[in-house]
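Notes to accompany the following structure.
All of the numbers you see were taken from the coordinates with simple rules; none came from a lab. The model shown is predicted, which means the values in this text are computed figures rather than measured ones. Positions of Cβ are generated from backbone atoms using ideal geometry, with glycine treated the same way; all protein chains shown enter the neighbour counts.
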Amino acid sequence: MSDHEHSSDGLAVEHHFENADQQYQSAKLGMWVFLATEILFFGGLFVAYAVYRGNHPEVFVFGHHFLDKNLGALNTVILICSSLTAAWAVRAAQLRQIGMLKLMILLTMLFAFGFMGVKAFEYNGKWKHGLLWAGQYDPHLEDHGETSHDVIGEEFAEDAHVEIVNEETVVEASEAQTAADADRSTIAPAAEGPAGLAAPDSAAADETGEEIEPANAQTFFSIYFLMTGLHGIHVLGGIGAFAWLLLCARRGDFDSGHFTRVDMVALYWHLVDLIWIYLFLLLYLI
Amino acid sequence: MSDHESSFVHVSSVKLLLIVWVALMFGTWLTVSASNIDLGFLNIWVGLAIATAKAVLVGLFYMHLRWDKPFNSFFFLGAFLFLFLFIGFAMMDSAHYQPDLIPGYSPGMGD
């Protein structure tokens with residue numbers, strides 16, 4: 001807090017700026033404008049979430065049971081730790097502690113990779129059970145005693161293959177379900193009570209351990225994959241940005257006390273963390 | 001830069017960074033615990049309140065808004081203002097059509 005002696009940015013001041021302060025503040029304002037556009041970019045998806053959840057809460061209650069709260073919490077912890085190291089990296093750059101800066105950048109990248117690893121594990125589980133977005137939604141939730149043959153088959157299968165495997169294993173259950181669904185969409189809304197937040201009918205679900213699936217459950221997974229996918233792309237972008245910072249640090253760009261780049265990347269990274277805080281709550285915890 | 005040695009830069013102390021980190025961790029624990037208790041319609045609001053408290057911590061301290069020019073905060077909050085308008089109007093509109101919806105029938109939302 002007290003180290004203000006290294007306060008200047010160390011970069012040459014471009015001729016169109018009055019001084020280093022103005023140059024730095026301009027860069028920062030530009031970054032904040034960018035972050036504002038990022039909020040609005042994700043905003044569209046949050047609107048989709050809000051509107052669909054407002055109208056069909058049962059779909060979200062059903063869907064979120066397939067997300068692992070613990071993995072989501074683990075990823076939240078990982079991202080918070082990475083935010084700490086990113087903020088620390090800024091401090092190190094400001095104080096020209098280049099070794100510390102490199103360490104913090106590396107740690108942040110390590111956490112980012114950890115996050116993507118957990119995400120990949122989760123996506124893989126969804127993929128195996130057919131819990132995918134709209135058209136690809138094709139759940140086979142029974143713990144199919146996975147012979148290695150099945151697993152290999154599924155992993156490498158085109159969509160068509162997956163469907164075949166699926167049909168073989170769940171024929172009976174799905175026939176009844178399909179019939180019920182067909183009725184539901186054509187007949188009488190009046191006959192149905194409000195689905196609302198009513199507890200799932202556990203008696204009927206006992207057989208397979210599945211809950212009664214509300215209509216359009218796939219929409220939850222469409223929203224899930226879009227939101228976490230877009231967020232995941234941002235994490236990948238962040239990894240790229242930190243890799244660039246590491247190169248800059250190697251090259252000695254920060255030796256002069258120039259830290260604007262580190263600061264901007266860290267701001268971006270904190271925003272990615274911030275968005276995840278909300279995604280974790282809205283998708284995993286409901 | 002020698003013409004401007006005044007402190008336009010705020011260097012956060014390690015202590016502060018760690019305190020915020022602990023607070024964020026606690027917030028995460030709190031939000032998970034709160035989600036395990038059934039509070040009815042309050043659940044989502046409690047969750048959102050905790051998440052927003054965490055977001056404010058990240059913004060104020062990790063993103064330096066606490067020491068920044070207020071204009072940056074103004075810009076950032078402006079984005080949220082427009083986001084709320086977007087969500088609010090979309091939900092009001094959707095609620096308006098709610099009586100016309102047929103339960104379980106959402107053409108175009110399936111495959």
### Query
Within the set A:28/A:119; A:69/B:15; A:28/B:54; A:69/A:102; A:126/B:54; A:102/B:69, which residue pairs have Cα atoms separated by over 25 Å?
A:28/A:119; A:69/B:15; A:69/A:102; A:126/B:54; A:102/B:69
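Across peptide A:33-40, what mean number of C-beta atoms from other chains lies inside 10 Å of a residue's C-beta?
Counting Cβ atoms of other protein chains within 10 Å of each residue's Cβ and averaging gives 4.
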### Exposure proxy order (Cβ contacts within 10 Å, fewest to most) of A:129, A:140, A:270
A:129, A:140, A:270
### Message
When 1/r is averaged over all different Cα pairs and the result inverted, which Kirkwood radius in Å belongs to chain B?
### Response
18.2 Å
#### Entry: Cut-off 11 Å (backbone N to label point 7 Å along Cα→Cβ of residue A:34), residues of region A:258-275
A:261-269
### Query
Fewest first, what order do B:71, B:76 take by the number of other Cβ atoms within 10 Å?
B:71, B:76
### Query
If you take the Cα Rg of region B:12-67 and divide it by 2.2 N^0.38 Å, with N the number of residues, what do you get?
1.28
### Query
Which order results if A:109, B:25 are arranged by neighbouring Cβ count within 10 Å, fewest first?
B:25, A:109
### Task
Could you please state, rounded to a whole Å, how far the C-alpha centre of region B:53-79 is from the C-alpha centre of region A:107-125?
27 Å
### Message
With θ taken as phi - 60° and the coefficients 6.51, -1.76 and 1.60, list the Karplus ³J(HN,Hα) couplings across region A:278-286 in order, rounded to whole Hz; mark glycine and proline as x.
### Response
6, 4, 4, 5, 6, 9, 8, 9, 6
#### Entry: Hz values of 3J(HN,Hα) by residue in region A:92-100 - Karplus curve (6.51, -1.76, 1.60), Gly and Pro given as x
4, 5, 5, 8, 6, 8, 5, x, 4
### Query
What residues have an amide H closer than 5 Å to that of residue A:212, excluding those fewer than 5 places away on the same chain, when H is modeled at 1.01 Å from N in the peptide plane?
A:201
